[in-house]
Amino acid sequence: MEDFKIIELYFKRDEAAIFETSEKYLPYCSVIAKNILHNALDEEECLSDTWLCAWNNIPPTVPNCLRVFLGKITRNISLNLFRKKNTAKRSALFEPFDELSECVAGTDSVEGETEAKALAEYLDGFIRNLPEEKRWVFLRRYWYGESLSDIAEKGKIGETRVKNILAKLRKKLREELKKEGFLE
């Protein structure tokens, strides 16, 4: 079913919207949740919460891209669940947090919605302007939470190359965030 028809079902408050959403986007959202949570029960809970959140937010929200909208919801719910379950212990299950925090550390102090939105727009532009291979590697690691070996295998490149691409991108991002005034 086309996305606009699924969105119409949400606006009609037709419960078939949830079925159609799950039917079309379960594999996509499952990958995101699985790569962050590493637990089938948590993944299932996250996906149920994703469908509920979509139901509660459409309307009034009209997603420009339903896939991205659902991916963002799934990712946020997964990250919140991950943090909740791992607050008492330091976990290396989701290394991308640690990697990316090295280059954007200090951005937690950003105050106000305007500054946060500006940072998000800047990051979007940064990612969008990357060459295709680098953008793909960056998103697989930091959006989908894939392991270095999975990225290397899917991209048919060496794991060392993946590590080098990510290290250079983190360095470049940190330098640009400093230059733009997002970091000290």
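What is segment 124-184's relative contact order, in percent, from Cα pairs under 8 angstrom and six or more apart in sequence?
Here the relative contact order equals 26 percent.
May I have the pair-distance distribution P(r) for segment 3-85, computed from all Cα-Cα distances with 5 Å bins from 0 and rounded to whole percent?
3, 17, 30, 24, 14, 9, 3, 0
Per residue, how big is the convex hull of segment 123-184 when only Cα atoms are used? Give it in Å³.
80 Å³
Which of the residue pairs 5/154; 84/156; 72/178 have a Cα-Cα distance greater than 30 Å in the structure shown?
Correct reply: 5/154; 84/156.
Laboratory data are not the source of any read-out in this text; all were calculated from the coordinates shown. Bear in mind the structure is a predicted one, so any value in this text is a computation, not a measurement.
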